[in-house]
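Trainee: Please find one structure pasted underneath; my questions will follow.
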Amino acid sequence: PFELNTIDLVTASAKEISKTDLAVDFYQGFKLALDSLSSEGHNYRLRVLDTQNQEARVVNLARAASVKENEIIVGPIFPDAITTFSEFFENDPSKLIVSPLAASMPAQFKNSNLVTINNNVDQHGWKVADYINRNYEPEMVNIVLVNTRKTDDEKFAAPLRKYITELSQGKFKIIERPNAIGLQTYLSTSKNNLVILTSSDRMLLIPLIDKLHQLMSVNYKIELFGHPNWVKATFLEGTKMQALKTKVSSSYFVNYKTSEVKHFVARYRDEFGFEPSEFSFKGFDIGYFTGSLLKKYGKDYANHITDETYNGLHNDFRFTKDPSSGYSNTQIMMLVYRALELQLIK
């Protein structure tokens, strides 16, 4: 949603114009991807439509012939708009709808043609559980899950609980606590303690992380696993996070040291005069992936999306298909604090 219907570009303040940042950045990254593919000899027609963040407008777009005639539809962006669009759009198995940013469970949209790029919380839970199952021996670790049971915290805790048990066939035992009260009594003095915090609440995390860091100084071995939202948390202290060998799962990580990222940043600056944001990187990767599908398979691309793997600037793409909820990206990363910042675990 550019929401250009609500902005007077002559009199608008910087704050008002900033409402369009997400849409503009995503569009510019997407366009740059198609420009790259076009330079290799393939032509595209890109139509850009503003949902205006209005339900009636989304309904009209879902019904419009000017939308239906396109090979691939990217958007809407937000979950409510995706739900509305799916309700009124007549599905055509040969044409897919890409949900580029929403981290919602695909099943909630009930759209078999939906391509979900962003990983949902269930996938994050599986990734952390898989990492633990692959890298630790059950008899050598003590797992403590701190879960307040608040709705958002339980959404992450539930798949963690499920997949740690399933993947290890019950070999890993989980001690679950609702808060930090008496936490020390549940830690082992002889084993490596894997402490998983399912919250991203600053008021809970700061004193709890301080406590864990202090316990390390009295010979407790502790490794910390956190909520995927920690990737964007600016209040976490790098020194303590590194000491705790903190690890988080993530759908977004850009390594600015690679030649591919440096090249993209330079092109983006030259083209638009700004630094690329998170949404610029996501727009580029989604544009390059979808554009490459059309280039390689033409109108038959929907039958081949699960055959392709894409190595992107911010994440990789590889899709599986569910008959009722469409296509989901299965690629997700584990990050660890090194050199006082999050780095990719290879």
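The values are calculated or read from the model by the stated rules, or taken from the named source; none is laboratory data. Everything numeric in this text was worked out from a predicted model, so none of it was measured. Methodologically, a virtual Cβ is constructed for each residue, glycine included, from the backbone with ideal geometry; neighbour enumeration extends over all protein chains shown. Heavy atoms of the whole protein, side chains included, go into the accessibility calculation; ligands, DNA and RNA do not. Shrake-Rupley method; radii C 1.70, N 1.55, O 1.52, S 1.80 Å.
Trainee: Quick check on Thr165: is it touching a strand residue (DSSP E or B) at 6+ places or on another chain (Cβ under 9 Å), free of Cβ contacts under 8 Å to residues at least 12 places away in the same chain and hydroxyl-bearing (Ser, Thr, Tyr)?
Mentor: yes
Trainee: Assess whether Phe235 counts as being over 16 Å from Leu335 (Cα atoms) and either touching a strand residue (DSSP E or B) at 6+ places or on another chain (Cβ under 8 Å) or touching a residue at least 60 places away in the same chain (Cβ under 8 Å) (or both).
Mentor: Against the criterion (over 16 Å from Leu335 (Cα atoms) and either touching a strand residue (DSSP E or B) at 6+ places or on another chain (Cβ under 8 Å) or touching a residue at least 60 places away in the same chain (Cβ under 8 Å) (or both)), Phe235 does not qualify.
Trainee: Provide a single number: the residues in the range 190-222 that are in contact with a Phe, Trp or Tyr (Cβ under 9 Å, 6 or more places away or on another chain), under 20 Å from Gly125 (Cβ atoms) and of a type outside the set (S, T, N, Q).
Mentor: Residues flagged as in contact with a Phe, Trp or Tyr (Cβ under 9 Å, 6 or more places away or on another chain), under 20 Å from Gly125 (Cβ atoms) and of a type outside the set (S, T, N, Q) within the range 190-222 amount to 5.
Trainee: Go through the range 267-279 and give me each residue that's over 17 Å from the mean Cα position of the chain (by Cα) and open to solvent by 10 Å² or more (accessible area, probe 1.4 Å).
Mentor: Arg267, Arg269, Asp270, Glu271, Phe272, Gly273, Phe274, Glu275, Pro276, listed by residue number.
Trainee: Given the conditions (1) part of a helix (DSSP H, G or I); (2) in contact with a Pro (Cβ under 7 Å, 6 or more places away or on another chain); (3) within 20 Å of Ser200 (Cα to Cα), which single one is not true for Ile286?
Mentor: (3)
Trainee: Output the number of the condition that Met105 fails; it satisfies all remaining conditions of (1) of a type in the set (A, V, I, L, M); (2) at pLDDT 95 or above; (3) within 22 Å of Pro79 (Cβ to Cβ).
Mentor: Here Met105 meets the rest and fails (2).
Trainee: Exactly one of these conditions fails for Tyr337: (1) assigned to a helix (DSSP H, G or I); (2) under 30 Å from Thr198 (Cβ atoms); (3) of a type in the set (Ser, Thr, Tyr). Give me its number.
Mentor: (1)
Trainee: A further question follows. State all residues of the range 254-273 that are touching a residue at least 24 places away in the same chain (Cβ under 8 Å) and over 20 Å from Leu344 (Cβ atoms); if no residue qualifies, say none.
Mentor: Across the range 254-273, the qualifying residues are Arg267, Tyr268, Glu271, Phe272.
Trainee: Let me ask another. Quick check, is Val48 open to solvent by 10 Å² or more (accessible area, probe 1.4 Å), closer than 28 Å to Lys247 by Cβ, in contact with a helix residue (DSSP H, G or I) (Cβ under 7 Å, 6 or more places away or on another chain) and of a type in the set (Val, Ile, Thr)?
Mentor: It is false that Val48 is open to solvent by 10 Å² or more (accessible area, probe 1.4 Å), closer than 28 Å to Lys247 by Cβ, in contact with a helix residue (DSSP H, G or I) (Cβ under 7 Å, 6 or more places away or on another chain) and of a type in the set (Val, Ile, Thr).
Trainee: Taking only the range 56-74 into account, find how many residues are in contact with a Ser or Thr (Cβ under 7 Å, 6 or more places away or on another chain) and not aliphatic (A, V, I, L, M).
Mentor: So the count comes out to 1.
Trainee: Would you mention how many residues in the range 82-120 are farther than 13 Å from Tyr327 by Cβ, of a type in the set (A, V, I, L, M) and open to solvent by 40 Å² or more (accessible area, probe 1.4 Å)?
Mentor: Qualifying residue count, the range 82-120: 2.
Trainee: A further question follows. Going by the structure shown, is Lys282 under 23 Å from the mean Cα position of the chain (by Cα) and of a type in the set (Lys, Arg)?
Mentor: It is true that Lys282 is under 23 Å from the mean Cα position of the chain (by Cα) and of a type in the set (Lys, Arg).
Trainee: Still on this structure: Identify all residues within the range 325-342 that are of a type in the set (Ser, Thr, Tyr) and under 22 Å from Asp122 (Cα atoms); write none if there are none.
Mentor: Answer for the range 325-342, where residues must be of a type in the set (Ser, Thr, Tyr) and under 22 Å from Asp122 (Cα atoms): Ser325, Tyr327, Ser328, Thr330.
Trainee: Here's a follow-up. Test Ile117 against the stated conditions and say whether it is farther than 26 Å from Lys282 by Cα and at pLDDT 95 or above.
Mentor: So Ile117 fails the test.
Trainee: Further, regarding this structure: Can you tell me which condition Asn70 does not meet? The list is (1) in contact with a Lys or Arg (Cβ under 7 Å, 6 or more places away or on another chain); (2) without any contact (Cβ under 8 Å) to a residue 24 or more places away in the chain, and all the others hold.
Mentor: Result: Asn70 passes all but (2).
Trainee: If you take the residues of the range 1-22 that are open to solvent by less than 50 Å² (accessible area, probe 1.4 Å) and without any contact (Cβ under 8 Å) to a residue 60 or more places away in the chain, which of them is farthest from Lys296 (Cα to Cα)?
Mentor: Ala12
Trainee: Right, another one. Looking only at the range 309-320, decide whether some residue is touching a strand residue (DSSP E or B) at 6+ places or on another chain (Cβ under 8 Å), more than 22 Å from Leu46 (Cα to Cα) and among the charged types (D, E, K, R).
Mentor: Within the range 309-320, one or more residues are touching a strand residue (DSSP E or B) at 6+ places or on another chain (Cβ under 8 Å), more than 22 Å from Leu46 (Cα to Cα) and among the charged types (D, E, K, R).
Trainee: Of all the residues that make up the range 240-264, how many are closer than 26 Å to Tyr288 by Cβ and either charged (D, E, K, R) or more than 22 Å from the chain's Cα centre (by Cα) (or both)?
Mentor: Final tally of qualifying residues: 5.
Trainee: Another one. Would you check which residues across the range 199-230 are open to solvent by less than 50 Å² (accessible area, probe 1.4 Å) and in a helix (DSSP H, G or I) and list them?
Mentor: Within the range 199-230, Leu204, Leu205, Leu208, Ile209, Asp210, Leu212, Leu215, Pro228, Trp230 qualify.
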